[in-house]
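Here's the structure, in structure tokens; my notes come after.
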Amino acid sequence: MDFQYSPDQETFRKEFRDWLAANLPPGLCLDDAADDRVASDRETFERRRAWQRTMHGAGWVGITWPKEYGGRGAGLIERVIWEETYAAARAPVLPGSMGLNLVGPTLIHWGTDEQKRRHLPPILAAEEIWCQGFSEPGAGSDLASLRTRAVDHGDHYVVNGQKVWTSGAHFAHWIILLARTNPDAGRHAGISCFLVPMTTPGIAVRPLVLMTGHHHFNEVFFTDVAVPKTNLLGPLNQGWKVATTTLMHERHSAGGRGHAAQIARLVELARRVTLDGRPAWEHPWVRQRLAELAIECEALKYTRLRSLTRQLRGEPPGPEGSILKLTGSELGVRIAEVAGGLLGMHVLVNRPSDAVSDAPRWFNRVLAARQYTISAGTSEIQRNIIGERVLGLPKG
Ligand SMILES: Cc1cc2nc3c(=O)[nH]c(=O)nc-3n(C[C@H](O)[C@H](O)[C@H](O)COP(=O)(O)OP(=O)(O)OC[C@H]3O[C@@H](n4cnc5c(N)ncnc54)[C@H](O)[C@@H]3O)c2cc1C
């Protein structure tokens, strides 16, 4: 493992940092961008779209996308540098991130030339925003049991069914949709993947609100929705393979980032608040918990580097993906628990108070942390994978 960045990579970092310092509007900055991955209202969403357009114009979007598709064609290390620099600038998650990180790479792998020409440029420029229509009531961890149907009607399919937990569907122009095209085939064999405009008659989006009050995801209903055959992505009945490409890209960024910054803020909080009449920082159990979090955070960093080293050597993704997803999301929950222990009932207040001037930050941490242990494959599913593939335990 080489811990040094090359001079070219350092130049890349400086160039991006300087560009962000000169161009990122301060009003868009956030403490914890992950808490607001989907914009909280349309106005914020539109301001972020304009921001993505500015970034794209300057060549800072689609860093690892091939040049022929409008990306920068940079390597994995540049992507890591991009992510570190972007997070350090407190910049918001790009509104087109679902398209950039999941749909775009899937299209590049499976799309026809016409589909690539049609869809990739508007993804980069935030002209078209995408959402992911995979999960259904009764088909989350066990995605292959999905029941939304797409029935052949000559030159088009007719889709009926329901999706759930669809992040950002209320802002999206397109949905990447999994539907069953052959109910008589095996569970994985009869599924296909479609590209569907959200304006198609018969699609209804109903909000689901997180316990933070944030409208993040939705239920999406399909009633006799006509989808042209040209909108099939990948071969008919091979949608499971297409979905696997998407999910591989999803795991890459799952588990959460920014733990080190959160722990640093927690240390600062422990110095500020009092417990039993003395600064929390002076209590041995507080110091112990903070030390544990810092150690876990370091271990996570080196696991991430190990995973990166494998990818740079061109080796297939190892079990690190599941380990990173599991430990990253669970560390987020433990950080939230320590914050709750320090703040007691103040943590339930979502506005600055005399006692806790940055109360909204901790309110969001405590209520939002657990979602990462569910999205992109739950902790139990990751433990199953680690148990079977790393520890060699029998299949559950
Ligand atoms: C913030 C967030 C955003 C999301 N965004 C999207 C999105 O944009 N698009 C989309 O399609 N989906 C999205 N999802 C859905 C997500 O993929 C599912 O919630 C997830 O896969 C779990 O499925 P489920 O909710 O149906 O739970 P279930 O699969 O019903 O699981 C219920 C419980 O049973 C446990 N369990 C299930 N199977 C096993 C097993 N074999 N062994 C042990 N335990 C098991 C699970 O771990 C869990 O605790 C999102 C979810 C969240 C939380």
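Cβ-Cβ contacts under 6 Å between residues 6 or more apart (or on different chains), taken from a first residue in the range 1-20 that is at pLDDT 95 or above to a second residue that is outside any helix (DSSP H, G or I), are listed as Leu20/Ala89.
For the range 106-121, the set of residues classified as surrounded by fewer than 20 Cβ atoms within 10 Å (Cβ to Cβ) and within 14 Å of Thr64 (Cβ to Cβ) consists of Ile108, His109, listed by residue number. Scanning the range 373-384 for residues that are within 18 Å of Ala139 (Cα to Cα) and in contact (Cβ under 8 Å) with a residue 40 or more places away in the chain yields Thr373, Ser375, Ala376, Gly377, Thr378, Ser379, Glu380, Ile381, Gln382.
Which of the residues belonging to the range 351-396 are part of a loop (DSSP other than H, G, I, E, B), surrounded by 15 or more Cβ atoms within 10 Å (Cβ to Cβ) and touching a helix residue (DSSP H, G or I) at 6+ places or on another chain (Cβ under 7 Å)? I'd like the intermediate steps shown before the answer.
First, pick out the residues of the range 351-396 that are part of a loop (DSSP other than H, G, I, E, B): 351-358, 374-378, 390-396.
Keeping just the survivors that are surrounded by 15 or more Cβ atoms within 10 Å (Cβ to Cβ) gives 356, 374-378.
Scanning the range 351-396 gives Val356, Ala376, Gly377.
In the range 149-158, of all residues being surrounded by fewer than 23 Cβ atoms within 10 Å (Cβ to Cβ) and touching a residue at least 40 places away in the same chain (Cβ under 8 Å), the one that is nearest to the ligand (Cβ to nearest atom) corresponds to Val158.
Per the listing Gly202, Gly138, the residue uniquely more than 11 Å from the ligand (Cβ to nearest atom) and at positive phi is Gly202.
Looking across the range 66-88, the residues that are of a type in the set (A, V, I, L, M, F, W, C) and either modelled with pLDDT of 95 or more or not in a loop (DSSP other than H, G, I, E, B) (or both) come down to Leu76, Ile77, Val80, Ile81, Trp82, Ala87, Ala88. When we screen Leu146, Leu178, Leu195 for residues that are hydrophobic (A, V, I, L, M, F, W, C) and more than 18 Å from Val103 (Cα to Cα), the only hit is Leu146.
Condition first: at pLDDT 95 or above, over 18 Å from Gly154 (Cα atoms) and not charged (D, E, K, R). Now tell me which residues in the range 235-249 satisfy that.
Pass one, the range 235-249, residues at pLDDT 95 or above: 235-243.
Narrowing further to those that are over 18 Å from Gly154 (Cα atoms): 238-243.
Correct list: Gln238, Gly239, Trp240, Val242, Ala243.
Take the residues of the range 169-195 that are surrounded by 22 or more Cβ atoms within 10 Å (Cβ to Cβ) and of a type in the set (Gly, Ala, Ser): which is nearest to the ligand (Cβ to nearest atom)? Ranking the candidates gives Ala169 first.
Check His215, His252 and return the single one that is closer than 18 Å to Gln132 by Cβ, of a type outside the set (Lys, Arg) and modelled with pLDDT under 90. Walk me through it before giving the result.
On the way: His215 fails: modelled with pLDDT under 90.
On inspection, the qualifying residue turns out to be His252.
The values are calculated or read from the model by the stated rules, or taken from the named source; none is laboratory data. The shown structure was predicted, so the numbers you read here are calculated from the model rather than taken from an experiment. Using ideal geometry, Cβ is built from the backbone for each residue, glycine included, and neighbour counts are taken over all protein chains shown.
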